[in-house]
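The values are calculated or read from the model by the stated rules, or taken from the named source; none is laboratory data. The structure presented is a predicted model; accordingly, all values stated were derived computationally and were not measured. All Cβ positions, even for glycine, are placed from backbone atoms using ideal geometry, and neighbour counts span all protein chains on display. The protein model used for the area step is the full one, side chains on, heavy atoms only, and it has no ligands, DNA or RNA in it. Shrake-Rupley method; radii C 1.70, N 1.55, O 1.52, S 1.80 Å.
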Amino acid sequence: MRNAFLTIAPVLLSATLSAQGVFSNKTQVVLEKVIQDYPNHFYNIKGELISQALQTSRYKSTVQLPGSASSTVTLVSAGNQGSGWTCTVLETNSFDEAKEKYATIYGQLSNSIITTGGQKTFILSGQYENPAEAKKYTCIVFSLLPGVGEMKKLKVELSLKEEKNSWKILLSVQDKNPKEEAQGALTSN
């Protein structure tokens, strides 16, 4: 009986881990949903209209990180057409709390595996930058590796910034601006 249990235990453990997703966490799962809808300009996660200006519309997002303050989808319809999703992960008066949460989110996202439509898989890669209270703004730009097709235009950004005596952590998925794309083309040649 003991031998049978020892034989079955690894199989049960393996099945449990794969059902949970070894590399999966709530932040990564939410981000994966957002990235999957990127080619659709976030149409499937766009909620009610918040505001509309001449060429820009902002919507509530139907997808947001658990415990976050808000998430929005922004669509620009003229000139440099584009779209973006932004989540205000945390807003606090404590720099130390913000710094700790920033590091935690980076840890949840760095080198995570993102699966998109057509079951293409990418690895989210970005270099950690340690925030400093005197600096007022810190940003990590993640890339999807390998950067192919539509996903070359995608930018995932985690930022920590001081705003009106409080600290905000923002996670965003958006189009790279044309200057960033041109720089990327120059550095890859």
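To keep it simple, each residue is scored yes or no on (1) at pLDDT 85 or above; (2) open to solvent by less than 70 Å² (accessible area, probe 1.4 Å); (3) farther than 25 Å from GLY107 by Cα.
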| position | (1), (2), (3) |
| --- | --- |
| ALA9 | no, yes, yes |
| LEU12 | no, no, yes |
| GLU32 | yes, yes, no |
| GLN36 | yes, no, no |
| GLY79 | no, no, yes |
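What residue, among those in the range 117-131 that are part of a strand (DSSP E or B) and of a type outside the set (A, V, I, L, M, F, W, C), is most open to solvent (accessible area, probe 1.4 Å)?
Taking the range 117-131 first, the residues part of a strand (DSSP E or B) are 121-125.
If we keep only those that are of a type outside the set (A, V, I, L, M, F, W, C) as well, we get 121, 125.
Numbers: THR121: 83, SER125: 38 Å².
For the range 117-131, the residue satisfying everything is THR121.
Residues of the range 143-152 that are in contact with a helix residue (DSSP H, G or I) (Cβ under 7 Å, 6 or more places away or on another chain) and either open to solvent by 30 Å² or more (accessible area, probe 1.4 Å) or at pLDDT 95 or above (or both): GLU150 alone. Every residue in the range 135-156 that is on the phi > 0 side of the Ramachandran plot and touching a strand residue (DSSP E or B) at 6+ places or on another chain (Cβ under 6 Å), please. Result: LYS136, single match.
Which members of the range 58-75 meet the condition of being assigned to a strand (DSSP E or B) and over 13 Å from TYR43 (Cα atoms)? SER70, SER71 - these are the residues of the range 58-75 that are assigned to a strand (DSSP E or B) and over 13 Å from TYR43 (Cα atoms). Among the residues making up the range 93-119, a single one is among the basic types (Lys, Arg) and under 17 Å from the mean Cα position of the chain (by Cα): LYS101. Looking only at the range 142-171, residues that are farther than 16 Å from THR121 by Cα and assigned to a loop (DSSP other than H, G, I, E, B) come to 2 in all.
With respect to SER94, is the statement that it is modelled with pLDDT of 95 or more, of a type outside the set (Asp, Glu), more than 25 Å from LYS33 (Cβ to Cβ) and loosely packed, with under 13 Cβ neighbours inside 10 Å true? First the steps, then the outcome.
Values: modelled with pLDDT of 95 or more: yes; of a type outside the set (Asp, Glu): yes; more than 25 Å from LYS33 (Cβ to Cβ): yes; loosely packed, with under 13 Cβ neighbours inside 10 Å: yes.
Yes: the conditions hold for SER94.
Tell me, yes or no, whether the range 132-142 has at least one residue that is surrounded by 15 or more Cβ atoms within 10 Å (Cβ to Cβ), charged (D, E, K, R) and farther than 19 Å from TYR38 by Cβ. The answer is no; no qualifying residue exists.
For (1) more than 24 Å from LYS153 (Cα to Cα); (2) under 20 Å from the mean Cα position of the chain (by Cα); (3) without any contact (Cβ under 8 Å) to a residue 60 or more places away in the chain, each residue gets a yes or a no:
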site: ILE50; (1), (2), (3): yes, no, yes
site: ARG58; (1), (2), (3): no, yes, yes
site: SER61; (1), (2), (3): no, yes, yes
site: PRO66; (1), (2), (3): yes, yes, yes
site: SER71; (1), (2), (3): no, yes, yes
site: LEU75; (1), (2), (3): no, yes, yes
site: GLU91; (1), (2), (3): yes, yes, no
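Being in contact with a Lys or Arg (Cβ under 8 Å, 6 or more places away or on another chain), within 23 Å of THR116 (Cβ to Cβ) and either surrounded by 13 or more Cβ atoms within 10 Å (Cβ to Cβ) or at pLDDT below 85 (or both) narrows it down to one residue among THR88, THR72; which is it? Checking each option against the conditions leaves just THR72.
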